[in-house]
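Asks: For reference, the structure I am asking about is given below.
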C-alpha cells in the first residue's frame, strides 16, 4: 500500500549509513568498539554487517595479521560491503544467516551484533550461534533499541502513545529486545560485563520522520484502524510545525565467552 504521509521508506543501506553517521551513531559505535578491546591479529565477526559501515574500522584494529568477517544475508548489502572493503585484504564478506553463521566453531575472538536482533526470527538462537562461533575468552558487543521507550512530544499525548504502541506491536519484530539483551546473553552462557544506555534525541522533524518512520508508520496505523485518520493527520501536522522533540533508548551490552 502506498504511503501518503511523511517521507517514503528509505533505501535500507542508505538508512543504515545515515544512522551511523549521526552524532549518536558515531558515539555509541565508538564506545562499543573500544569495549571490545580489539587487538592486532584477532579474528572479528560482524553479524548483520549491512553495507559494511563498520568493517573498515574493524580492519584497522586487527591490522595486517588479523581477520574481519562480515556476514549478511541481503545480496544488496553484501554487494555494497564488498565494494566498501575491496582494498582491505584482511576483510571477508560472507553471505549467511545470523541463525546459521558461516564460520567454524570456536574461531572468533571478538564479535558484534548492532541493531540486528530486533529483526531476526529468534534472538536467543543467534546468541547460541555466537557462542558456538566464539573461542573461550572471546568478547561480544550487542546493541539494540528499546522501542517501548519511544516518545514523541505532542499536545495530543494519547495519539503519541498510540503511535508508540503501534510501533512496538506491529512495526518492529522484537521491539523490547534492548532491555532483554543482558538476560538473553546470560542465558546463552555469556558473562555480562557491562550494560549501558544512550538516548538518541531528535529535534528536527524531517530527520525524525526519515529515521523513525513517523509518517509512513502513522499511515500504516491509520490503515489498520489503530489510529483515527483525522486525529492522526492532525497529530502529524502538529509535529511538522515544531518545536519538535522525540527520543528512544539504545542499550549496549558487552559480554565474554
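The values are calculated or read from the model by the stated rules, or taken from the named source; none is laboratory data. Small disclaimer: the values here were computed from a predicted structure and weren't measured. A quick note on method: Cβ atoms are made from the backbone with ideal geometry, for glycine too, and the neighbour counts reach across all protein chains shown.
Asks: Hey, can you tell me all the residues within region 13-37 that are more than 17 Å from residue 213 (Cβ to Cβ) and either assigned to a loop (DSSP other than H, G, I, E, B) or modelled with pLDDT under 60 (or both)?
Replies: Those that are more than 17 Å from residue 213 (Cβ to Cβ) and either assigned to a loop (DSSP other than H, G, I, E, B) or modelled with pLDDT under 60 (or both): 20, 21, 37.
Asks: Now, a different point. Output yes when any residue across region 158-167 is at pLDDT 95 or above and either part of a strand (DSSP E or B) or under 26 Å from residue 68 (Cβ atoms) (or both), and no when none is.
Replies: Within region 158-167 (the criterion being at pLDDT 95 or above and either part of a strand (DSSP E or B) or under 26 Å from residue 68 (Cβ atoms) (or both)), the answer is no, since none of the residues qualifies.
Asks: So which residues in region 201-243 are under 26 Å from the mean Cα position of the chain (by Cα), assigned to a loop (DSSP other than H, G, I, E, B) and surrounded by 20 or more Cβ atoms within 10 Å (Cβ to Cβ), if there are any at all?
Replies: Listed by number, the list holds a single entry, 213.
This table checks each residue for (1) assigned to a helix (DSSP H, G or I); (2) at negative phi.
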residue: 39; (1), (2): no, yes
residue: 45; (1), (2): no, yes
residue: 51; (1), (2): no, yes
residue: 57; (1), (2): yes, yes
residue: 63; (1), (2): yes, no
residue: 68; (1), (2): no, yes
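Asks: List every residue pair whose Cβ atoms sit under 7 Å apart, with the two residues 6 or more apart in sequence or on different chains, where the first one lies in region 198-225 and is over 20 Å from residue 242 (Cα atoms) and the second, anywhere, is modelled with pLDDT of 95 or more and part of a loop (DSSP other than H, G, I, E, B).
Replies: Listed pairs, sorted by first residue: 221/227.
Asks: Looking at region 107-118, is at least one residue surrounded by 24 or more Cβ atoms within 10 Å (Cβ to Cβ), out of contact with any helix residue (DSSP H, G or I) (no Cβ under 6 Å at 6 or more places or on another chain) and not in a strand (DSSP E or B)?
Replies: No, region 107-118 contains no residue that is surrounded by 24 or more Cβ atoms within 10 Å (Cβ to Cβ), out of contact with any helix residue (DSSP H, G or I) (no Cβ under 6 Å at 6 or more places or on another chain) and not in a strand (DSSP E or B).
Residue-wise test of (1) in contact with a strand residue (DSSP E or B) (Cβ under 7 Å, 6 or more places away or on another chain); (2) more than 17 Å from residue 118 (Cβ to Cβ).
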site: 150; (1), (2): yes, no
site: 173; (1), (2): no, no
site: 178; (1), (2): yes, no
site: 183; (1), (2): no, no
site: 196; (1), (2): yes, yes
site: 200; (1), (2): yes, no
site: 216; (1), (2): no, yes
site: 222; (1), (2): no, yes
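Okay, residues lined up against (1) in contact with a helix residue (DSSP H, G or I) (Cβ under 7 Å, 6 or more places away or on another chain); (2) within 23 Å of residue 31 (Cα to Cα):
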site: 142; (1), (2): yes, yes
site: 180; (1), (2): no, yes
site: 198; (1), (2): yes, yes
site: 236; (1), (2): yes, no
site: 239; (1), (2): yes, no
